[in-house]
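What follows is calculated from the coordinates using simple rules that are stated; it is not laboratory data. In this text, all values refer to a predicted model and were calculated from it rather than measured experimentally. Neighbour counts run over all protein chains shown; Cβ positions are idealised from the backbone, glycine included.
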Amino acid sequence: MEFSEPLKLLGLTTEILESIPNEVAQELELARVISVHRDSYTISNGTIELQAELLGKLLFNASTPNDLPTTGDWVLAHIYDKTGGIIHQVMERRSLLTRKTSGKKTDYQLIGANVDVAFIVQSLDENYNLRRLERYLVMVRESKAIPVLLLSKSDLLSSEEIQQILSDISTLMPELAVTPFSSEDQTGLSEVKSQMQPGLTYCLLGSSGVGKTTLINKLIGTETYKTSSVSKIKNKGKHTTTQRHLIQLDFGPIIIDTPGMRELGSLSVEDGLDQTFSAITSLAQQCKFNDCTHTNERGCAVLAAIENGTVSAEHFSSYLKLAKESAYNEMSYQEKRKKDKMFGKHVKSVMQQKQRKY
Ligand SMILES: Nc1nc2c(ncn2[C@@H]2O[C@H](COP(=O)(O)OP(=O)(O)OP(=O)(O)O)[C@@H](O)[C@H]2O)c(=O)[nH]1
Ligand SMILES: [Mg+2]
Ligand SMILES: [Zn+2]
């Protein structure tokens, strides 16, 4: 298979091309998943877009949702013509965005594959929230995509208010790139655009109503996709976008629009945790004891940092919460029941000790 121009425009990399086995059947070709439907997939080979189904064997052998194609995946497919095709194989992914689904089981949903940069979008109204941002960051870092924060609707705040928010974020998360912008008055749109490179794949993540699709329309330059106003009563979006889909922008980048997320759980996120809370995890290495729980130990560097104000107690408590969830999701049911009780007490005592100090 060759590195054709149409495939390159869809975001094909040499890495994907080189991962194709030599003995692959002649009729198969590379295509990218544009969107996922109940029992079919819209795929594109850069020249035609068509509805494809899964090869029975692929479906049969799938043991987890991970084995099935998702938006952004590269697949080997037998493409008949514009009317249809069959997906035979999903190529290895360089990144995979997933989210925990609602419900008790540690079930999860695939959001996008082979995403280079995930734009986390929060609007500069009630939606802006540091705790939620931390959750998204953990999720993105776990996926192996690079997170970038876009603060939308900057027309709603004064520039002083925006400066304050930017400085809050850079104190907590110094490595995170942040761009405020407004689709309404066009501020910052060129900054968003200038961060995007041809051939790379981007994904928009964030609550319903924050203006993800509106931004895509701005990047395209026409009102191609449907957007709708946020309900004034609840200030909640209406889930205008109902399906993840991949869009090729005329200036070269590829972007995946997603429906707003209602809730965000975290799955196995050790990696992501370490990066999001890098201040805490690097301090922890200086604790006197290797197995320090940062609660009441002597020589604890984390507690010392909280004491002298380098790390905020709030940041530490959301670290504890996420660390708990992450470990929790990897435990058996029995372990969970036992741990639930113990950890509840633990968090309580940490918080009580802190309150005593202040
Ligand atoms: N004030 C202001 N409103 C905006 C801006 N961008 C988008 N909006 C409005 O926000 C509302 C929601 O925009 P959408 O683009 O549909 O939001 P979304 O994030 O795609 O929402 P879902 O598809 O439901 O996930 C619309 O009424 C937009 O007009 C902006 O920069 N400023
Ligand atoms: Mg939308
Ligand atoms: Zn410690």
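With an 8 Å cut-off on Cα pairs and a minimum separation of 6 or more residues, tell me the relative contact order of the stretch 96-257 in percent. Answer for the stretch 96-257 is 22 percent.
The local environment of Glu2, defined by Cβ-Cβ distances under 14 Å, has a net charge of -2 under the rule Lys, Arg +1 and Asp, Glu -1. The Cα trace of the stretch 5-90 gives Rg and Dmax of 12.1, 35 Å, the first to one decimal, the second as a whole number.
Here Asp67 and Glu191 are evaluated by their C-beta separation; at R0 = 35 Å the FRET efficiency comes out at 0.35.
Neighbours of Ser182, meaning other residues whose beta-carbon lies under 10 angstrom from its beta-carbon, give a summed charge of -1 when Lys and Arg score +1 and Asp and Glu score -1. Residue separation of Ser19 and Glu160 scaled by 0.36 nm, minus their Cα-Cα distance, works out to 45.8 nm of gained length. Remark on Gln89: its backbone amide H falls under 5 Å from those of Leu76, a criterion applied only to residues 5 or more positions apart or on other chains, H modelled at 1.01 Å from N. For the stretch 96-257, the ratio of Cα radius of gyration to the globular rule of thumb 2.2 N^0.38 Å stands at 1.00.
Do any of Lys100/Lys144; Lys8/Lys100; Lys193/Lys218; Lys212/Lys321; Lys57/Lys100; Lys153/Lys321 go past 21 Å between their Cα atoms, and which? Table pairs above 21 Å Cα-Cα are Lys8/Lys100; Lys212/Lys321; Lys57/Lys100; Lys153/Lys321. Note on Asp125 and Leu176: the extension gain reaches 16.3 nm, defined as 0.36 nm multiplied by sequence separation minus the Cα-Cα distance. Packing, taken as the mean count of other beta carbons within 10 Å per residue, orders the peptides 300-312, 162-174 from highest to lowest as 300-312, 162-174.
Taken as Cα centroids, the stretch 142-199 and the stretch 61-137 sit 23 Å apart, rounded to the nearest whole angstrom.
Taking every pair of Cα atoms in the stretch 122-215, average 1/r, invert it to obtain the Kirkwood radius, and report Rg/Rh to two decimals.
Working: Rg = 12.9 Å, Rh = 13.8 Å.
Rounded to two decimals, Rg over Rh is 0.93.
Exactly which GluC sites (Glu not before Pro) in the stretch 148-215 are in a DSSP loop and have at most 15 other Cβ atoms within 10 Å? List each step's numbers first, then the result.
Values: sites: Glu160, Glu161, Glu175, Glu184, Glu191; in loops: Glu175, Glu184.
Within the stretch 148-215, the qualifying GluC sites (Glu not before Pro) (loop, at most 15 other Cβ atoms within 10 Å) are Glu175, Glu184.
For Asp73, the amide hydrogen comes within under 5 Å of the amide hydrogens of Val33, Ala113, counting only partners 5 or more places away or on other chains and with H modelled in the peptide plane. Annotation: amide H of Tyr108 within the under-5 Å range of Thr101, sequence separation 5 or more or interchain, hydrogens built in the peptide plane.
Annotation: extensible slack from Tyr80 through Thr281 equals 67.1 nm (criterion: 0.36 nm per residue apart, minus Cα-Cα distance).
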